[in-house]
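Notes for the one structure printed next.
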Amino acid sequence: MLFIGVNQLGGTLPTSITNLSITIQRIRIGFNPITGTIPSGIQNLINLNIMDTASCNLGGSIPEGIGKLANLQLFDLSSNHFTGKIPSSIGNLTQLNTLYLFDNEFLGQLPASLGNLRQLAIMDLSNNSFSGSIPKEVVSLPYISQYIDLSNNLLEGSLPSEVGTMKNLRQLSISRNKLSGEIPVALGQCEIMEELALDNNLLEGAIPQTLSNMKGIQKLDLSHNNLSGVIPPSFSDLRVLQELDLSHNNLSGSIPESIQNLNSLFYLNLSYNQLQGKVPVKGVFANFTAISITGNEGLCGGISQIHLNACPLVTTKKRKGWPLWLKIIIPIAGALLLCVILLAIWAFVHRKQRERKKTPELSSLEEERYPRFTYAELAKATEGFASDNLIGSGRYGSVYKGSLDNGQTIVAVKVFKLQEIGASKSFLTECEAVRSIRHRNLVKIITSCSSVDHQGRDFKALVFEYMPNGNLETWLHPEDDGHQQLKQLSLIQRLNIAINIADALDYLHHSCQPPMVHCDLKPSNVLLDKDMNAHVGDFGLAKFLSETMSQSLHDSNSTIGIKGTVGYVAPEYGAGSQVSTSGDIYSYGIILLEMFTGKRPTNDMFKEGLSIREFAGKGSTSEHAMEILDEIMFLEGKDNANKNEIMWIKECLDSVLEVGLSCSNPSPRERMRINDAVTKLHVIRNEYIGAKRQSEIHDESKRKGER
């Protein structure tokens, strides 16, 4: 045995490990910062039955010779940086009981030889980039008893019907992939299954009635698919069901009243479907915190806390038959009304045809305004989305520099990571936002692209005007970008950028119809053009403050939620308050404090009650003010500054910090309005420029007098 796991051992995994005695049975080196690869000679350790390298920094691919370790029972490579495909020789490990390959960078198709692992109890391949369809052999292991986890990959196609042969399986998760087709009816044969997660796929069709045969099911998640039809009434047979999530589908009909009889059920999410009718009031429905039915406009009734309209009273009184004269007149009147309607439609169409001859078609105007680009054109423009062209990357997308029109137009292409939950809806939100706004201090959109890539996978991107000076984050903290001496912002540049951002917010909050809240304002979302003018971008979490906002935008925000970014998000959002323009003002105040102190709100120094607001607020003492001034004075030329200049800089900084502190007040009602902030900053900048000019004139006069 070799047990050296859970230490701080670094360095490279030596190839000499393959020279150990062939009698060695167990190697555990996991949870160490060890780098390197699995040496190909590992196949020499023919008696090895446990190999554990979990949570190291190993990479490379799995050697083909791994299949010669016929006695291997536990194979754990989880949470590393392994790449490449799983070798087909893995099917030779017929004694394997546990296979952990999750949290790596594996890709390609799953080998059908996995079906040879007849002793397997656990198989976790989640959080990789496996693609292609699921081989039927992988989901037809009759003796597998614990769980199979294939979630967070790029698997597509339908779920093989052979999944029904895994009658001993307790947990199955294939969530967050691209599975399509219908849920196999045979899945109901897995009667002792306890957890089934097929959420965040492209599954369609009706929910099979046979799922009610899984008497042991405790957690069932089919959310975020395209399922239709009704909720099977037979779900009332799932007596031990604890959690049921069917949200974000196209389910219709009524909620089966019998579900309220499931005594174990403590979480039920049916939101964003097309359900209608009366909501039950007993069982799980009696606890409004345990259910979610938002987005079903046809529902009524239920307990008072869910605030639905009362259901209409159904009358059972028998209607008398119509008299004979009505039976004659109504058809005649109906026929005449139909003729009038058809005539009106003909007149309307005829008028529209004449209008089209006079004015260009709307589609052509839109096409002229937003030129269309294909996936191939964007791929060519970015050199195949090469890493050399990568500008930045976030949770939902990566931004690449691109060249269009034979190098005449430089653009920024934001490619959305559709494998991330919420990325598609973030794309829709940003499209809805940027097409409705126009301002000199907002990033200008050129067009959008919704297509498929060369592998047939969904592809969504936005094309923006390129900003050659990057984002404000890299200028405020150049040490993180490897440019300690190259990127420097002067005091006047910081003032101009602060005014630009405030102007953009003033437009979003007061000039947009309807008003818009950005919801994720931070330095990395402020871009700088060639003249160092600031442009606010990234509207992936934006929200219109209107009851009549488009459904796509409303859905996106209700799904993604207002999370913002730690350090910049308004404190009232954490307490569950509604989105408001005041939240953006708080984020802007934090940015101001960061710009003029050089400290991030998440700096390690801010702990034990000290925050960036308290740090900046201590500037009333001259000693602390000079500590804040150090970096800015250095950029302005501290060694050559006279006392008057230092005084003007300090007064300017004090005034700016006052605005930042007011905007970032923990109480939304006490925050400065954004238009007042714009006015105040203009006054501060003008006073500073005026004082500096007077100083220059005075110095020039003094030099002339000395000559």
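What to note about this one:
- Net dipole in debye of the range 367-466 [+1 Lys, Arg Cβ; -1 Asp, Glu Cβ; about Cα centre; nearest 20]: 320
- Charge dipole (the chain, unit charges on Cβ, about Cα centre) - positive-most of 244, 139, 539: 244
- From phi via Karplus (6.51, -1.76, 1.60), per-residue ³J(HN,Hα) for the range 296-306 in Hz, x at Gly/Pro: 10, 5, x, 7, 8, x, x, 6, 5, 5, 8
- Per-residue Karplus couplings for the range 377-385, computed as 6.51 cos²θ - 1.76 cosθ + 1.60 with θ equal to phi - 60°, are listed in order as 5, 6, 5, 5, 5, 9, 6, x, 6 Hz, Gly and Pro entered as x.
- Residue-wise HN-Hα coupling along the range 245-260, computed from phi with Karplus coefficients 6.51, -1.76, 1.60 (Hz; x: Gly, Pro): 10, 10, 5, 6, 9, 10, 5, 10, x, 9, 7, x, 4, 5, 5, 5
- Highest-first packing order for the peptide set 150-163, 278-291 is 150-163, 278-291, based on the mean count of other beta carbon atoms within 10 Å.
- Point-charge dipole on Cβ atoms (K/R +1, D/E -1) for the range 420-546, about Cα centre, debye to 20: 320
- Theoretical ellipticity at 222 nm over the chain - DSSP helices of four or more residues, -39500 (n - 2.57) apiece, nearest 500: -8500 deg cm²/dmol
- Extension gain, residue 118 to residue 258, is 46.4 nm, computed as 0.36 nm per intervening residue step minus the present C-alpha separation.
- For the chain, the relative contact order comes to 5 percent (Cα pairs under 8 Å, sequence separation of at least 6).
- Residues whose amide H comes within less than 5 Å of that of residue 159, counting only those at least five positions distant or on another chain, are 180 (H built at 1.01 Å from N in the peptide plane).
- Full extension of the chain segment joining residue 133 with residue 168 gains 10.3 nm, where the gain is 0.36 nm per residue of separation less the Cα-Cα distance.
- Distant-in-sequence amide contacts of residue 446, defined by a placed amide H-H separation under 5 Å and a gap of 5 or more residues or a different chain, comprise 463, 464, 465.
- Extension reserve of the residue 6-residue 393 stretch, reckoned as 0.36 nm per residue once the Cα distance is removed: 136.1 nm
- In this label model, residue 85 and residue 417 are separated by 2.6 nm, measuring between points 7 Å along each Cα→Cβ vector.
- Cα centroid of the range 154-229 to Cα centroid of the range 248-293, whole Å: 20
- For a paramagnetic label modelled on residue 209 (point 7 Å from Cα along Cα→Cβ), amide N atoms under 19 Å away belong, within the range 253-283, to 253-259.
- Point-charge dipole on Cβ atoms (K/R +1, D/E -1) for the chain, about Cα centre, debye to 20: 2220
- Shown here: the chain, whose C-alpha atoms stretch 103, 100, 55 Å along the first, second and third principal axes, sorted largest to smallest.
Throughout, read-outs are computed from the coordinates displayed, never taken from laboratory work. In this text the structure is predicted, and so the values were computed from the model without any measurement. Virtual Cβ from ideal backbone geometry, glycine too; neighbours counted across all protein chains shown.
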